[in-house]
Amino acid sequence: QTGMFTYDPGFMSTASCQSTITYIDGDKGELLYRGYPIEQLATSCDYLETCYLLLYGELPNPQQKTDFVNRVTNHTMVNEQMQFFLRGFRRDAHPMAVMTGLVGALSAFYHDSTDINNPEHREISAIRLIAKMPTLVAMAYKYSMGQPYMYPQNKLGYTSNFMRMMFATPCEEYEPNDVLVRAMDRIFILHADHEQNASTSTVRLCGSSGTNPFAAIAAGVACLWGPAHGGANEAALNMLEDIQKMGGVAKIGEFVSKVKDKNSGIKLMGFGHRVYKNYDPRAKLMRETCHEVLDTLGLGNDPLFKLAMALEKVALEDEYFVSRKLYPNVDFYSGIVQRAIGIPVSLFTAIFALARTVGWIAQLNEMIADPEYKIGRPRQLYVGATKRDVQPIDKR
Ligand code: SDX
C-alpha cells in the first residue's frame, strides 16, 4: 500500500501507480513537479528547464541546460517525407486529427531503431519528440492556412522558434514579442505534466506493451483531444464566445441556469476537475498571464476576458458550483491567452499536446525503467449474461 493507492507493478501502466514525477493535492490546490511548486517553476524557469527536471529529476545547472538545449535544438527538423503525410488530410481537418497522424507517423522513421527497453533509445526518443512537436504543430497550422512551412531556426530559443514557425512567412519575418514568448513558454510549463490524467494513463498503458514511444505518445494525443480533457480549452473559449453572442455579461445568469439544469447537458467548460476540489493553481497563473498579455497588447478591456472573470465570480458565489467543489481549471483562461497571442481556437489542444509530450515521456520512461513493470492488464467485474447454450437460428 502506498498512501491511497495499492502499488502493483502490473498496474504501473494504469491509474493507480507509484511515481516520483508530479504531486497534486486536490484539496489544497497544490501542484509540484519533482517537488518544486508550479508557481515557482512558472515564474523562475523556462519550459526546457522544466523538461529537463521532469525527465531527469533535477533542475539543470548552466552546463547541463546548455547541453540539453543544444540537443533539443539539433532535432527540431522533421524528415522531409513528413510533409507528404499532411497532404493526405483535408485543409480543414481538425489539427488534433492531423497531430494524431503525424506523431504516429514519426514511428515510421524511428521504430525499427528504437528499443524502448534501452535507456539510451528512450532518451533520444524523448529529445526527438520534445524537439519535433513544435515543428509538427506549426506544420499542421501552416497546412490548414495553405501557407508554406517555415523551417526551425537553430539560433532561436525553443518557444521563439515555435512562434516564428507559426507566424512568419517567406514574405514577412515574425519578430516575437518577449512578453508573448514568455506567456507561450509559461503555457507550456503549466501543461507539462499532471500525474495520472486520462492521456498519461493512456500513454503508460500503450507503452507497457513495449511499443515504440512515438506510437505511445500518439495514443496520448488521441486521448487528450476529448472535450472532457485537453479539448476543454477549445470548448471553454467557444462557450465564452457563445455567451458573448447571447449578450455577454448580462446573459451570464441565463447561461448558468442552463448549466444547472441537468437536462440541458451543458457544462461550464474550464470548470471542475477529477482531482482538484479547490482552485487549480494553474488557472490562477493563467489568469495572471492573461492580464500581462492583454495589457501588453493594449487589450486590457478585452470583452471575453472581462466576461470570463465575471462568469468565474458568479460561479464561485453560486451554491451549485460551491457545493460540488467546482473551480476554474487550467483550461478556463488558457484559451483567452492563446487567442490574444494569435493562436487559432482549433489549435489550442494541439498546443496542450505539444506541452504535455514531456510529461507523457517522463511517465512512460519511469514505468519502463522499473524492472518490475509488466504489461498493463486491468480486469473487469463481469455482470453480463450467465453461461448459456447457442440455439439454432430458427429457434431464436
Ligand atoms: C483537464 O486529469 C487531469 O489532470 C486533467 C488535466 C490535465 O492537466 O491533464 O487537468 C486537464 O482535463 C482539465 C479538465 C478539463 N475539462 C473541463 O473543463 C470540462 C468540464 N469539466 C467537467 O467535464 C468535469 O468537471 C470533469 C470531467 C473535468 C471532472 O468531473 P468530476 O470532478 O469527476 O466531477 P463529476 O463529473 O463527478 O461531477 C460532479 C458534479 C456532477 O453533478 P451531480 O451529478 O453531483 O449533480 O458536478 C457537476 C456534475 O454534473 N459538474 C459540472 C461540471 N463539472 C462537474 N457541472 C457543470 N459544469 C462543469 N464543468
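The values are calculated or read from the model by the stated rules, or taken from the named source; none is laboratory data. Note that the structure is a prediction, hence the values are computed from the model and not measured. Note that we place each Cβ from the backbone using ideal geometry, even for glycine, and neighbour counts take in every protein chain shown. With ligands, DNA and RNA removed, areas are computed over all heavy atoms of the protein, side chains included. Shrake-Rupley method; radii C 1.70, N 1.55, O 1.52, S 1.80 Å.
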- Message: Binning at 10 angstrom from zero up to the longest distance, how are the C-alpha pair distances of the range 288-386 distributed in percent?
- Response: 12, 26, 23, 21, 14, 4, 0
- Task: Any aspartates and glutamates with Cα under 17 Å of the residue 262 Cα? List them, leaving off those in the same chain fewer than 8 positions away.
- Result: 254, 318, 319
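Can you figure out the FRET efficiency of residue 80 with residue 288, using R₀ = 51 Å and their beta-carbon distance, to the nearest 0.05?
With R0 = 51 Å, the Cβ-Cβ based efficiency is 0.80.
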- Message: Between residue 323 and residue 251, what's the calculated FRET efficiency when r is the beta-carbon distance and R0 is 30 Å? Round to 0.05.
- Response: 0.80
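Round to a whole number: what % of the accessible area of the chain belongs to carbon and sulfur, probe 1.4 Å?
Here it works out to 53 percent.
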- Task: Quick one: check the C-alpha center-to-center distance for the range 57-102 versus the range 361-382, whole angstrom.
- Result: 26 Å
- Mind checking Rg over Rh on the range 102-168, alpha carbons, Kirkwood formula for Rh? 1.05
- Reachable lysines from residue 395, Cα under 29 Å, same-chain residues fewer than 8 places away excluded? 387
- Task: Please express the shape of the range 123-201 as an equivalent ellipsoid: the semi-axes are the square roots of 5 times the eigenvalues of the C-alpha gyration tensor, given largest first in whole angstrom.
- Result: 24, 15, 13
- Query: What are the principal axis extents of the Cα atoms in the range 298-337, in Å, biggest first?
  - Reply: 37, 17, 8
- Per residue, in Å², the accessible surface of the range 332-391 once ligands and nucleic acids are set aside, probe 1.4 Å: 50 Å²
- Task: Please label the shape of the chain as rounded, prolate or oblate, based on the square roots a ≥ b ≥ c of the eigenvalues of the alpha-carbon gyration tensor (a/c under 1.5 means rounded; beyond that, a/b larger than b/c means prolate, else oblate).
- Result: rounded
- Task: Over the chain, calculate the relative contact order: mean separation of alpha carbon pairs under 8 Å at least 6 apart, over the residue count, as a percent.
- Result: 26 percent
- Pick out which of 272, 146, 207 has the largest mean-square fluctuation in a Gaussian network model of the chain, springs linking Cα atoms closer than 10 Å. 146
- Message: For the range 137-245, what does the relative contact order come out to in percent, with C-alpha contacts under 8 Å and a separation of six or more?
- Response: 14 percent
- Candidates 311, 136, 156; GNM for the chain (alpha-carbon contacts under 10 Å) flags as most fluctuating 156
- Log10 I(q)/I(0) at q = 0.14, 0.21 Å⁻¹ for the range 186-299, from Debye over equal alpha-carbon scatterers, is -0.77, -1.27
- Note on the structure: residue 310 and residue 391 label points (each 7 Å along its Cα→Cβ direction) are spaced in nm at 6.4 nm
- How big is D, in µm² s⁻¹, for the range 265-307 by Stokes-Einstein at 20 °C and 1.002 mPa s if Rh is the Kirkwood radius over C-alpha pairs? 178 µm²/s
- Per the Kirkwood definition applied to all pairs of different Cα atoms, how many angstroms is the hydrodynamic radius of the range 65-211? 16.6 Å
- Let me know the whole percent of all Cα-Cα pairs from the range 194-243 that are separated by more than 17 Å. 42 percent
